[in-house]
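Working notes for the structure below.
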């Protein structure tokens, strides 16, 4: 289970970020950033577990806007397996 952080933790993080000249965000924004980065390379079930979601569906519904890129990368990987590394990706 993922431990919940409260408003006091967010205020501490924001004060430290400001003191160090780092862009001030909410801790929750960092959670979304972490999930987005993980979804670029990891499968949905792993990310869901790391986030502490009760179901993979929760993760899929929350981050559905990121998932189409995974489909494109999977298709490119499959195409490379079939035709080799000389694959010219359309649109790049």
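Out of all the residues in region 30-43, is one or more modelled with pLDDT under 90 and not in a helix (DSSP H, G or I)?
Yes, the conditions are met somewhere in region 30-43.
Against the conditions (1) modelled with pLDDT under 85; (2) in contact with a helix residue (DSSP H, G or I) (Cβ under 6 Å, 6 or more places away or on another chain), where does residue 53 fall short? Just the number, please.
Just one mismatch for residue 53, condition (1).
The values are calculated or read from the model by the stated rules, or taken from the named source; none is laboratory data. Computed from a prediction, not measured in an experiment: that's the story for all the values here. We place every Cβ from the backbone using ideal geometry, glycine too, and count neighbours over all the protein chains shown.
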